[in-house]
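Everything below concerns the one structure shown next.
Nothing in this text is a laboratory measurement; each read-out follows from the coordinates by a stated rule. Worth saying up front: this structure is predicted, and the values here are computed from it rather than measured. Every residue, glycine as well, gets a Cβ built from its backbone with ideal geometry; the counts of neighbours run over all protein chains shown.
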Amino acid sequence: MKIILLGPPGAGKGTQARLLTEKFQAPQISTGDMLREAVKQGTKSGLQAQEFMKAGQLVPDFVVIGIIEERLASSDAKRGFILDGFPRTVEQAKALEGMFSRSGEKVDAVLNFRVPDEDLVGRLAGRRLCSKCGAGYHLDFSAPKKEGVCDRCGSQLIQRDDDREETIQKRLDVYKKQTAPLIDYYNREGVLKNINGVGDFKEIFKQVLAALGQ
Ligand code: AP5
C-alpha cells in the first residue's frame, strides 16, 4: 500500500501511521521525525530546517523534497509506505508525482483527517514526549504516573518547541494557507478519502481500514 496522510497538526497522522505500519508492514515515513533527527544530528538539512520548525513554518520545499527522494529510494520503501506529513504544499505534491511517474508507481489513497481547531490546540498543547525513548503522553488524557517522568524508561519528559500555544496557532494558519489546497488537488485526482479524526483512535483506525477497502 502507498498511502499519504493529510491533515492539520495534531490531527492524528502519526498515531494512525503507526497502526498502518503494523497492519501493512510498510514503513512510516514522517518528514517531521526525519527533520527533528536531522536537527539533532546537526546535518546540513537539519541546519537549514531548524529555524523554520521552531517558528511553526514549513521548511523550504527543496530541503524536504531532497530528503523524501532519498528515503523513497531505500529498499524498504519499494513495496509500500505510509507518508506522514508529506506532501505539505502543491509544489511537494508535484515533485512526488514526478518521482512516481519515473518509477511507474501511483498512490493508492490519500487519507484526509478532519478535526476541529479547538481539539487540535488541546491535543498539541498537552503533548509531552520522553527525551530518551520518544514515548508520548498527554497531560489530560494519558498523563505519566509521576509528573515529568517517563513511565517506560524514567527519563525526563519534554514539550516539543513547536507545541507551545503561540506556535501551534502559527502551524494551524500555515496548514490552512499552504497545505489545505492539497485537499482539492487530491480530490481532483480521485484518491482522497475523508476521515473523521475525532473520537477513540481505534475507532478512527476502523474508518481508515474501511476507506482503504480492508
Ligand atoms: P510534523 O512532525 O509532521 O508535525 P505535524 O504535522 O504538525 O504533526 P504532529 O506530529 O503535531 O501531529 P499528527 O497529526 O501527527 O498527530 P499525532 O498523531 O502526533 O512536522 C513538524 C514540523 O516539521 C512542521 O511544522 C514543519 O516545520 C516541518 N515539516 C514536516 N514536514 C514538512 C514538509 N513536508 N514540508 C515542510 N516542512 C515540514 O497526535 C497529536 C497529539 O494528539 C498526540 O498527543 C496524540 O496522542 C493525540 N491524539 C492522536 N489521536 C487522537 C485522538 N483520536 N483523540 C485524542 N487525542 C489524539
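Observations, loosely collected:
- Under the Debye formula (equal points on every Cα, no solvent term), log10 I(q)/I(0) of region 96-146 at q = 0.24, 0.26 Å⁻¹: -0.89, -0.97
- All Cα-Cα distances of the chain, cut into 10 Å bins from zero to the largest, leave 8, 33, 40, 18, 2, 0 percent in each bin in turn.
- All-pairs Cα distance distribution in region 107-196, expressed in whole percent, bin size 10 Å: 15, 33, 29, 19, 4
- Region 1-54 - Rg and Dmax from Cα coordinates, angstrom: 13.0, 35
- For region 164-211, the fraction of C-alpha pairs farther apart than 14 angstrom is 66 percent.
- Here the gap between R79 and R160, fully extended at 0.36 nm per residue and compared with their Cα-Cα distance, gives a gain of 25.9 nm.
- Extending 7 Å from the Cα toward the beta-carbon at both K54 and C133 defines two label points whose distance is 3.0 nm.
- Among 72-85, 140-153, the order from most to least packed when residues are scored by Cβ within 10 Å on average: 72-85, 140-153
- Square roots of five times the Cα gyration tensor eigenvalues for region 56-167, Å: 33, 18, 14
- Among the listed pairs K2/K44; K54/K176; K145/K170, those beyond 20 Å (Cα-Cα): K2/K44; K145/K170
- Packing-based exposure ordering (other Cβ within 10 Å, fewest first) of V174, V191: V191, V174
- Dividing the helix sum by the residues of the chain, where each DSSP H run of 4 or more adds -39500 (n - 2.57), gives a mean residue ellipticity at 222 nm of -14000 deg cm²/dmol.
- Full-stretch length increase - E69, D200 - with 0.36 nm per residue and alpha-carbon distance subtracted: 43.8 nm
- Here the relative contact order of region 14-57, from alpha carbon pairs under 8 Å that lie six or more residues apart, stands at 20 percent.
- Three semi-axes of the equivalent ellipsoid, region 1-105, Cα gyration tensor, whole Å, largest first: 21, 16, 13
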